[in-house]
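Heads up: the structure comes next, in structure tokens.
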Amino acid sequence: MAVVTLAGAHYSRYMRTAEAYFKAENAVPWWAAGIAIYKANFTAYTFVAIASLVYIDGMAGLLLESGPALAFLLAATVFARRWHRLRVTSPPEYLEARFNPATRKLFSVVGIAGTFISSGIRLYAVCKLVESVMGLPLLPTILMAGAVMITYTMLGGLCAVVVTDVLQFIILFLAVIPMFISSTAHIFMQGSWADFVARIPAGYAAFPHPDHGRTLGWLLAFWFAYLLDYNGDWGVIQMMCSTPTERDARKAAFLSTALAIPHAFLLLGPCFVARVLWPAEIADPGVVAQAETAYGRVALKLLPVGMIGVVAAAMLAATMSTLSVAWNVRSTSFVNDLYARFLRPHAGDREKILVGRLAVAAVGAIATSIAVVVALKSTGLFSLAQSLVGLLVIPLILPLLLGLLVRQARSWACMATFFGCTALAALNRWGYGLIGLSQPLAFEGELVAISVLGTAIMTGSCLFPRREDEARRVAAFLRRMDQPVPAPEKAPDIPAPVGVIGAMTLLIGALVMLLVLLPQSLLDRSLTAGIGGVLIAIGWLMKRSVPR
């Protein structure tokens, strides 16, 4: 936490313009953007809510978490070039150019409000995991983590977010890969592969699993939600728009696809193994609250004592990177889509940066407060997140993406799609009798109904006549989206991130090496030293790659 705060302080001196603070002067390298895109879309929620699903339902959870790879592949092949050509600072800026100013206002306000809830859930998830691994009290951990994320995001803008994303990616995988290797080794330490297969509970390795509601329709519905969520995520869009060229944006999306392919089995496979080998030691699969601590309990069982702390830090880092991206892009939206667009059109760079930093503080403080409320109410994370998909995710993202694909949609179609989808989701939850249902539609049914309605509204709007001024504005927008943007001619004033990431990795590696001094077995000490050595080597190579 201290190191990532230093990263924010380091980049704060280069944040002289709004373009630098909010878009890193369009100089984010493709490899850093690709890692940031991948990292921005999984958090400790993965290791709490999705890990609990894997522990309870086995193969259903692993297949569910394979969806992000498909989403990133769609981004690389369809959306990356479109977003880069628009070169927007935030998605609502695109909504005004494509639709109208009222749409920009609405989506800015609703998007920021949605971030409060999603960030609160994610922050609670990571602190719940840290509580299960390290025994730290939940509420103080939430407050501390929120304060640190607010600090480094406020200071360094998008540059600090990208640098810390890459560092946290390195630490995360050097923590979870030993867990995967150790869990696999235990399969053969306790017998053969055939013995392991024979011990798998009935239905645990099978799919579909209709007794638990894990049907093919359920899986396809969630994969579809991933396709929408990840391609319409404001942080992902910001990264694609901040690379130097259109080709870089596509390469970033392809890199995130490659990283997401082994994601589910590498990160969550240990929970599957633990349910088979040590079901009595880890958690009761019939109790959701216990299942949500399964990943932390597996880490306690499999890892050396020092590396358990590294895993906790890695899980915390995963969420910190996601939230910092979300808070940065929402502060960007507030400044550019509301403050500078409608309240203070003549605001200078210094004023915009100040307001942006205050917006980060406000978003972070509200999200931290919501995390505290979720902790006090003890709601199941997976069911809570699932219930938000229809009410917030689909109504916000579906019209955002359809606006790029349905070229003749009318200016009013985006807002009509949003209100129509939200109304249908609300009726399904609280007024299903009014629409002739005896009970609410299941998750997959609701998702299909909302998506069909939204697509029908957007495409159906093409049948209505268009005013001349609207036709001219949309034609200008489409010409802009059809033309690639040349690479920047001026070299950025912000230093390349590779040297800073290398220095931070070296420091983290040195700290990990100190963990060999803790009392532990020779094998555990060797594993800890090996991980610390790899971090030092990676940091040294990154430092060496910086041109002198």
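Every number here is computed from the coordinates shown, using simple stated rules; none is lab data. The structure displayed is predicted, hence computed values, not measured ones. In this analysis, Cβ positions are derived from the backbone assuming ideal geometry, glycine residues included, and neighbour counts consider all displayed protein chains.
Based only on other Cβ atoms within 10 Å, what is the fewest-to-most ordering of R81, R467, R429?
R467, R429, R81
For the chain, what does the helix formula give at 222 nm: sum of -39500 (n - 2.57) over DSSP H segments with n ≥ 4, over the residue count, nearest 500 deg cm²/dmol?
-23500 deg cm²/dmol
7 Å from Cα along Cα→Cβ at both T459 and S438: what's the point-to-point distance in nm?
3.2 nm
At each listed q (0.11, 0.12 Å⁻¹), what is the log10 of I(q)/I(0) that the Debye formula gives for the chain modelled as equal alpha-carbon point scatterers?
-0.99, -1.18
Distance in nm between label sites at T77 and L220, each 7 Å beyond Cα in the beta-carbon direction?
1.8 nm
Rounded to a whole number, what is D in µm²/s for segment 104-253 from Stokes-Einstein with the Kirkwood radius over alpha-carbon pairs (4 °C, 1.567 mPa s)?
Approximately 65 µm²/s, per Stokes-Einstein.
So, with +1 on the Cβ of K and R and -1 on the Cβ of D and E, and no other charges, what is the size of the charge dipole of the chain about its Cα centre, to the nearest 20 debye?
Computed about the Cα centre, the dipole is about 1380 debye.
Could you tell me which residue out of M144, W193, H263 lies farthest along the dipole of segment 123-282 toward its positive end? Charges go on the beta carbon: Lys and Arg +1, Asp and Glu -1, centred on the Cα centre.
W193
Thinking of segment 59-121 as a set of Cα atoms, what percent of all their pairs are more than 15 Å apart?
Here the tail beyond 15 Å accounts for 68 percent of pairs.
Given N residues in segment 495-548, what is Rg(Cα) / (2.2 N^0.38 Å)?
The reported ratio for this selection is 1.30.
Provide the gained length on full extension for the span A2 to L376, in nm with one decimal, where the gain is 0.36 nm per separating residue minus the Cα-Cα distance.
The A2-L376 span can extend by a further 131.8 nm.
Output the peptides 175-186, 104-115 sorted from most to least packed, where packing is the average of other Cβ atoms within 10 Å over each peptide's residues.
Per-residue Cβ counts within 10 Å, averaged per peptide and sorted highest first, yield 104-115, 175-186.
Quick one: order E65, E281 by neighbouring beta-carbon count within 10 Å, fewest to most.
E281, E65
As a quick test, which of the pairs K301/K543; K105/K352; K39/K543 have an alpha carbon distance above 28 angstrom in this structure?
From K301/K543; K105/K352; K39/K543, over 28 Å: K301/K543.
Considering the dipole of the chain built from charges on the beta carbon (Lys and Arg +1, Asp and Glu -1) around the Cα centre, which of L523, M458, V448 is farthest to its positive end?
After comparing all options, I get M458.
Which length gain, in nm to one decimal place, applies between M134 and T184 when the Cα-Cα distance is subtracted from 0.36 nm times their residue separation?
Extending this stretch completely gives an extra 15.6 nm.
How do 93-101, 333-341 rank on mean C-beta neighbours within 10 Å, highest first?
Ranking the peptides 93-101, 333-341 by packing returns 333-341, 93-101.
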